[in-house]
Every structure is written in C-alpha cells, then in structure tokens.
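Engineer: Got a structure for you, questions after.
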Amino acid sequence: MNSYCDALMEVTVRPNVTMMSGHGSWLIDNHGQRYLDFVQGWAVNCLGHTPAVIADAIAAQARTLISCSPAFYNAPMMQLAEQIALHSGLHKVFFACSGAEANEGAIKLARKFGSLHRNGAFEIITLENSFHGRTLAAMSASGKPQWQDLFEPKVPGFRKVPINDIDAIAAAINANTVAVMLEPVQGEAGVVAADINYLQALRELTRARGVLLILDEIQTGVGRTGSLFAYQRAGIVPDIFTLGKGLGGGVPLAALVAHADVSCFDHGDQGGTFSGNPLTTAVGCAVMNEVTQPEFLNNVHTSGIYFREQLTALSKQFALGAVRGDGLLIALEIPANNASAIAARAFDLGFLINATRPNILRFMPALNVTREEIDQAVELLQAALATAELSAA
Ligand SMILES: *Cc1c(COP(=O)(O)O)cnc(C)c1O
C-alpha cells in the first residue's frame, strides 16, 4: 500500500503513509499504525485530535449557518471577538484563516497607523531567525536565513536585529520606524524565548519612542506556554498581536488583535472572504471555552514541568543538551546534530516529534496531554535515542 499522489504539488517530504484518523494524542495511519502525536499539526490541535467539543461545535454550527459573508454579523464571530478582547486587554479583532494572513494584517495596520500618525513611518524592526509565515510580506518580515535570497525582490521595510538585545532595537529605531514585531518565543528557531525583562524593556522603549509593539502569538497563544497569551507572563500588553494555530483547534482560524487607539483601518482596507466565518469562529469559541476553564492552564503548566523533568533526565542519560521552553512548547538540544535522524527513528517507533533544526527536537503535545502519555513519550524517545545512537556509532 504505497502512499503517493502525483497530483499534489511537491512542497515537502512526506513519509509513505496516509493519515486516516486521530483521537486525543493519537494519530492512526492506513496500516493501522498508531502514533503518539507530540507535533499535533504544529501546535494546532491544542485539545488533541477530534475532541468532542470541537466535533460538536462543527456539527451544530454546520446545521445552523456555515457562511454568510464577512459583510454581515454572525453570532460566533461576535462571541469569539468578545472573548478574545475580554481576556487579552485589547479591544478590536479581525479574523483571518492563517497565521501569515493575520501577520500580513498586522503589518498593514502598522503601516496605516504610520501613515496617519507617524509622518508616513513604515519600517518594522523584526528579529533574526524569526518566523512570521509564508506570504511575501510575512516572509520578508521573517529572519529565517534560508529565505534570505528567495522570491526576490522582497517586500521592503523590515530591519532585522538579534533577539534579547534591547540596545540593538534602540539603535535601529529611526524616524521611519513604526513598529517592532517579534514572537514571545521563537518556535521555528528552536524554542528561543524573548526574556521577560527584555519584553518589559521593549514595552517601555517602544512606548517612549512612539513605536508600536506587535507580538506574533501564533504559536505561543491560546495556552501553549501555560498562560493564555505568552505576553501575560511578562506583565505587558502589546499594541497589536496575532493568533493562529491553536485558536482553531485544528480548523483554519487566525486573528489580528489591536488596541482601540491603533485600530485604524478604513472600510475597504482589510477584509477576506472567510473573515469571521461562523463555522470556524464557532470552533474558536469552543476552544476558548475549554482553555479558559479554571484548571486548564494550570494543568498545561504542571504537565510542562513534569515533561521537562523527564526530558532533563533523558538528556543526562544520553549526554544531550539543554531542555528549553515553558508550558508545552519545549525543545531539547541535540549536540550531535542528528535531530532529524532521531525524529525519523521516533516516527518508525510510532512517536511524532519535530526537528526544527539539526540540533533541536521540538515537542508540542496536546495541551490536555496526560501524565501517562508523557511517560509513554519519554519511553519512546528513549528507544529512539538508543537506536539512533547505535546507528550513528
Ligand atoms: C505557524 C506560524 C506562523 C504562520 O502561520 P500559518 O498559519 O502557517 O500561516 C506565523 N508565525 C508563527 C510564530 C508561527 O508559528
């Protein structure tokens, strides 16, 4: 039973299986092989695969209203916007279908703000090794070295500085600067956190210099790091932030969120056929309801601590590197640079993990992952490390 499809554009390497179904932390292929899934669609399935609350929300909304165009209010769209505003401390929400589209909106909003209030300032300072998505502007904003020479000419107006260097940002701000944009934790770069005191200094600096602070919370938002939004851990509030991935729990949903003072789009500046689609925003409401239950985030936090302890023990056993991350966005350094081989070995053993770089394994399990599943994951990783070590020797 070969899995191959000539009609699909070849944009990535795919293993020779077809994924058929998923439940909770488990994904099942066409051979009946079960995989313990610690990738979860890249931190998308925050409640695991096919959770009942999402299936029910989809079914109920599908029988009520699937689409009515963004030119009308619909009930789930309004409810989700209010939930996000309530919990974020910001005021205005625009819904999109992908993280890149939300970031594209953030860039446009900042440029509009610059044209209205900052003498046409348009430059956005972003970070080296950052990842903001794959539209042309989002790629231009990103600091991914492999993208440096791709799809030239890029969208102009982005300056890159190193992370956790407040002086570099202070020096880069000039009369053309309208915003600083960054991920609270750089996920694709290998779970590299912006330090809490750096975020706090950045908030003060941007306020003092009249520059907007934009946070890309597409990977970190909706509970991933153990707080609803990662910026809350620093006790700051950005002017603009974006959500994606976990917000839809598996359906394509993203959001651009802005302070009322910054929310300056005129009619026609921003839109999208599926913006605020009732089917996807109904799922967003179901996700937000779950994630804001009293014990939910606390469990993410304690599960993360437990998992990191186990990983630290494994790291000692196999002489690996640091364990990084907060909540359930975690990385393990692999000094031998064979993270891809380990991830491939884990796949064969029925364990899904992601090598973001040759020396980084990243773990993004469902936020409601159980202790037993974490224990199983650690056993499977141990087996993968043992055999990957043998094959390297
Ligand atoms: C995944 C991701 C994006 C892009 O989201 P898409 O839905 O793939 O467009 C942007 N920023 C960050 C931090 C991400 O993790």
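The values are calculated or read from the model by the stated rules, or taken from the named source; none is laboratory data. These numbers were taken from a predicted model, which means no experiment stands behind them. Methodologically, a virtual Cβ is constructed for each residue, glycine included, from the backbone with ideal geometry; neighbour enumeration extends over all protein chains shown. Protein only, heavy atoms only, side chains kept; ligands, DNA and RNA dropped before computing areas. Shrake-Rupley method; radii C 1.70, N 1.55, O 1.52, S 1.80 Å.
Engineer: Look at PRO294 and say whether it is at pLDDT below 95 and open to solvent by 30 Å² or more (accessible area, probe 1.4 Å).
Structural biologist: For PRO294, the condition - at pLDDT below 95 and open to solvent by 30 Å² or more (accessible area, probe 1.4 Å) - is met.
Engineer: When THR280 is evaluated against the numbered criteria (1) within 16 Å of the ligand (Cβ to nearest atom); (2) not assigned by TED's automatic domain parsing to the domain that holds ALA189, which criterion, by number, is the only one it fails?
Structural biologist: With respect to (1) within 16 Å of the ligand (Cβ to nearest atom); (2) not assigned by TED's automatic domain parsing to the domain that holds ALA189, THR280 is out only on (2).
So that you can scan it fast, the table gives a plain yes or no per residue for (1) in contact with a Phe, Trp or Tyr (Cβ under 8 Å, 6 or more places away or on another chain); (2) more than 21 Å from SER98 (Cβ to Cβ); (3) hydroxyl-bearing (Ser, Thr, Tyr):
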site	(1), (2), (3)
ARG134	no, no, no
MET139	yes, no, no
SER142	yes, no, yes
ASP149	no, yes, no
GLN200	no, yes, no
LEU205	no, yes, no
ARG209	no, yes, no
LEU212	yes, yes, no
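Engineer: Among residues belonging to the range 333-376 that are of a type in the set (Phe, Trp, Tyr) and open to solvent by less than 30 Å² (accessible area, probe 1.4 Å), point out the one that is farthest from GLN33 (Cα to Cα).
Structural biologist: Ranking the candidates gives PHE363 first.
Engineer: Which number in (1) under 23 Å from ALA81 (Cβ atoms); (2) surrounded by fewer than 23 Cβ atoms within 10 Å (Cβ to Cβ) marks the one condition that GLY99 misses?
Structural biologist: Here GLY99 meets the rest and fails (2).
Engineer: Exactly one of (1) in contact with an Asp or Glu (Cβ under 7 Å, 6 or more places away or on another chain); (2) away from the ligand (no atom under 16 Å from the Cβ); (3) open to solvent by less than 10 Å² (accessible area, probe 1.4 Å) is unmet by ALA234. Its number?
Structural biologist: Unmet condition: (1).
Engineer: At least 1 residues that are touching a Leu at 6+ places or on another chain (Cβ under 9 Å), within 12 Å of the ligand (Cβ to nearest atom) and not small (Gly, Ala, Ser) in each: list the helices (runs of 4 or more DSSP H) lying fully within the range 95-184 that qualify.
Structural biologist: Here the list reads 99-117, 136-141.
Engineer: Follow-up. Inside the range 275-393, counting only strands (runs of 3 or more DSSP E) that do not spill past its ends, which hold 3 or more residues that are aliphatic (A, V, I, L, M)?
Structural biologist: Strands (runs of 3 or more DSSP E) meeting the threshold: 329-333.
Engineer: Quick test for you: out of GLY272, GLY223, pick the one residue that is within 15 Å of the ligand (Cβ to nearest atom), surrounded by fewer than 24 Cβ atoms within 10 Å (Cβ to Cβ) and not assigned by TED's automatic domain parsing to the domain that holds ARG362.
Structural biologist: Exactly one of GLY272, GLY223 is within 15 Å of the ligand (Cβ to nearest atom), surrounded by fewer than 24 Cβ atoms within 10 Å (Cβ to Cβ) and not assigned by TED's automatic domain parsing to the domain that holds ARG362, namely GLY272.
Engineer: While we're looking at this one, here's another question. Checking GLU188 against (1) away from the ligand (no atom under 16 Å from the Cβ); (2) of a type outside the set (Lys, Arg); (3) at pLDDT below 95, which single condition isn't satisfied?
Structural biologist: GLU188 satisfies all of (1) away from the ligand (no atom under 16 Å from the Cβ); (2) of a type outside the set (Lys, Arg); (3) at pLDDT below 95 except (1).
Engineer: Further question: Anything in the range 247-264 that is farther than 15 Å from ASN103 by Cα and either part of a helix (DSSP H, G or I) or open to solvent by 40 Å² or more (accessible area, probe 1.4 Å) (or both)? List them, or say none.
Structural biologist: Those that are farther than 15 Å from ASN103 by Cα and either part of a helix (DSSP H, G or I) or open to solvent by 40 Å² or more (accessible area, probe 1.4 Å) (or both): GLY248, GLY250, HIS259, ALA260, ASP261.
Here is a yes/no grid of residues against (1) open to solvent by 50 Å² or more (accessible area, probe 1.4 Å); (2) in contact with a Phe, Trp or Tyr (Cβ under 6 Å, 6 or more places away or on another chain); (3) closer than 30 Å to PHE94 by Cβ:
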site: TYR35; (1), (2), (3): no, no, no
site: PHE38; (1), (2), (3): no, yes, no
site: ALA43; (1), (2), (3): no, no, yes
site: ALA52; (1), (2), (3): yes, no, yes
site: GLN61; (1), (2), (3): no, no, yes
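Engineer: Moving on to the next point. Checking the condition open to solvent by 60 Å² or more (accessible area, probe 1.4 Å), in contact with a Lys or Arg (Cβ under 7 Å, 6 or more places away or on another chain) and free of Cβ contacts under 8 Å to residues at least 60 places away in the same chain, which residue from GLU152, GLU123, GLU128 passes?
Structural biologist: Residue meeting the stated conditions: GLU128.
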